[in-house]
Structure formats: structure tokens, C-alpha cells
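Asks: Below: one structure in C-alpha cells.
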Amino acid sequence: MKQPLMVLALSLAPITVSASSEDAWEEFRASVETACLALVDAPESATVMIDVNPFGSQSYGAALVTVTQDTGADRMICIFDKQTKTAEITAPFVDAAPAQ
């Protein structure tokens, strides 16, 4: 009796997982963007762009944060812990000297 129920459950599982999976990923990406944006310390005149990696790693979400002002642009990485739902942001990257 258990086997027919298991077959029925497994046959319905891909539909349920598929339908909710994209919604879950969209919610994840929105959470990463919101958490990262809250950490950006930029004047209101600056343009802030947050490019969220669509899936992150197994444990973390990641986003490239770019803050553009009249003086140039700063790039930082924001890391989002999927378990605790907290984020941290790096200091801006220092532009490397051009190769000679």
C-alpha cells in the first residue's frame, strides 16, 4: 500500500518544486539586494547599482555593489549568509596600477 502512495507523491513533486522554486529564488535575490543596499554608505547624489548573483553558493548569496559619484566609482562585494539572513560588505576595491 505504501508503494502506490510513494509513486503518486513523487509524480507530483516536480510540479510543486518547479512552481515554487523560481518564486523562492526571486525572494532570495530580493533579500540579498535589500540587505546589501542597507549596508551601502553613500550620499543621496550617488548612484548605487547592486548586481546579485542569481543563486550564490550553497551557504552564501553574493552581490557586486557599485557606487558611482562625480569623483568616480567604488566597487565592493556584499556577502549574504543564507542561514542567518545577515549581510556584510567589503571595503571598496583599490584599482590596480596598469600593467607595463
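Asks: If the chain between residue 47 and residue 27 were fully stretched, how many nm would it gain, using 0.36 nm times the residue separation less the Cα-Cα distance?
Replies: Result: 4.8 nm gained on full extension.
Asks: Over the stretch 32-100, what is the relative contact order in percent, taking alpha-carbon pairs closer than 8 angstrom and at least six residues apart?
Replies: 28 percent
No lab work stands behind these numbers, since they all come straight from the coordinates. Predicted model only: the values in this text are computed from it and were never measured.
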